[in-house]
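As structure tokens, the structure follows; a few thoughts come after it.
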Amino acid sequence: MTIKTVGVIGAGTMGSGIAQVFAQAGFSVLLVDVATPMLDRARTTIARSLDKFVEKGKLSAADRDGSLGRLRVATSVDELVAADYAVEAIVEDADAKRALFASLDAIAKPEVILSSNTSSISITSLGAATKRPDKVLGMHFMNPVPLMPLVEMIRGHATSDESMQIASGLCARLGKTPVEAADYPGFIANRILMPMINEAIYAVMEGVGTPQAIDAVMKLGMNHPMGPLTLADFIGLDVCLAILTVLHDGLGDPKYRPCPLLRRMVAAGQLGRKSGQGFYTY
Ligand SMILES: NC(=O)c1ccc[n+]([C@@H]2O[C@H](COP(=O)([O-])OP(=O)(O)OC[C@H]3O[C@@H](n4cnc5c(N)ncnc54)[C@H](O)[C@@H]3O)[C@@H](O)[C@H]2O)c1
């Protein structure tokens, strides 16, 4: 099947970026979210990002307009009957994702691959919520999607070689590099990144350093482009907590225990950049 229309479900930080890169690569994109304000925000974010590419001379004004013209938004997943490929990017919650995969399975054409942008949740369990587990896989984009070259590709227990090949081919059309990881909690990226972020939060809680000091040590001393607490705010503290919970539950090692300070900040609605307050104020 030729893939022309891509459905992206979830219009938050990641879904808007994923919708943008598919539209830029010439696909028709249908971006679905339960919340209309998120769809409005995604349109604005995408338009701003495309404008920046035009200002930097990396995109022509005609290609920007073409990309925006290929983007449609909707509040019902029923619209995905028109999709040839799907990328799920809703909240990092296993039950919510499984329920969505069951609905997508009932709506999408039988040959359509259903991929998930999950940071940590089992692809095998998402596949098991459908009658097409051979066509369910992880396609884990990095934030910000328009700028980051990696896509971590996750093969579930039943994912077919053909599905993996089709999805990797799509990455190439987006100008991204696919790297395969096994279906383990947190895969490669977050198995390594999240314990570092969690440790940085423990260091704040225990008074080892201020957020500014901790970020400065990791930037200037370890040559990281961004300190771990700035990065946590950028990812979203709720997303970090959800991923750490999957690592802790799935790997059973106390070293992955989410820091109590992270739990408190999320409970207080301090989610990082997207809420205006995290380790820094925005
Ligand atoms: N934030 C990051 O840096 C990052 C990086 C890589 C992967 N991810 C993963 O991407 C996914 C999305 O993360 P995010 O940061 O974009 O989250 P977000 O909170 O910014 O956005 C989630 C969106 O999903 C929508 N949503 C929730 N339930 C829905 C449903 N049933 N149907 C349709 N829309 C629904 C919400 O309204 C919201 O707009 C998660 O699985 C996360 O782990 C996040």
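The values are calculated or read from the model by the stated rules, or taken from the named source; none is laboratory data. The model shown is predicted, which means the values in this text are computed figures rather than measured ones. Don't worry about glycine lacking a Cβ; one is built from the backbone with ideal geometry, like all the others, and counts go over all protein chains shown. We work out accessible area using only protein heavy atoms, side chains counted, and drop any ligands, DNA or RNA first. Shrake-Rupley method; radii C 1.70, N 1.55, O 1.52, S 1.80 Å.
Structure summary
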item: FRET efficiency, 1/(1 + (r/R0)^6) with R0 30 Å, evaluated for Thr2 and Asp93 via beta carbons; result: 0.35
item: Calculated [θ] (222 nm, deg cm²/dmol) that DSSP helices of n ≥ 4 give over the chain, each run adding -39,500 (n - 2.57); result: -14000 deg cm²/dmol
item: Nearby lysines by direct alpha-carbon distance to Lys97 (threshold 25 angstrom, same-chain neighbours under 8 apart not counted); result: Lys4, Lys109, Lys131, Lys135, Lys176, Lys274
item: Over segment 66-107: Rg over Rh, Cα atoms, Kirkwood Rh; result: 1.01
item: Pair Ile188, Ala82: separation of 7 Å Cα→Cβ label points (nm); result: 3.7
item: Segment 19-78 and segment 193-231: distance between their alpha carbon centers, rounded to Å; result: 33
item: Rh by Kirkwood over Cα pairs, then Stokes-Einstein D for segment 188-230 at 1.306 mPa s and 10 °C, µm²/s; result: 153
item: Accessible surface of the chain, 1.4 Å probe, proportion on carbon and sulfur as whole %; result: 56
item: Heavy-atom accessible area per residue - segment 1-115, 1.4 Å, Å²; result: 44
item: GNM result for the chain, Cα springs below 10 Å: residue of His248, His140, His224 fluctuating most strongly; result: His224
item: Directionally averaged shadow of segment 72-170, computed from the convex hull of its alpha-carbon atoms, nm²; result: 6.2
item: Rg(Cα) / (2.2 N^0.38 Å) computed for the chain, rounded to two decimals; result: 1.00
item: Cα-based equivalent ellipsoid, segment 124-282: semi-axes from gyration tensor eigenvalues, Å; result: 31, 18, 14
item: Bridge type composition, the chain - antiparallel percent by DSSP, nearest 5; result: 20
item: FRET efficiency, Arg41 to Leu150 (Cβ-Cβ, R0 35 Å, nearest 0.05); result: 0.90
item: Alpha-carbon Rg/Rh ratio, for segment 1-125, with Rh computed the Kirkwood way; result: 0.98
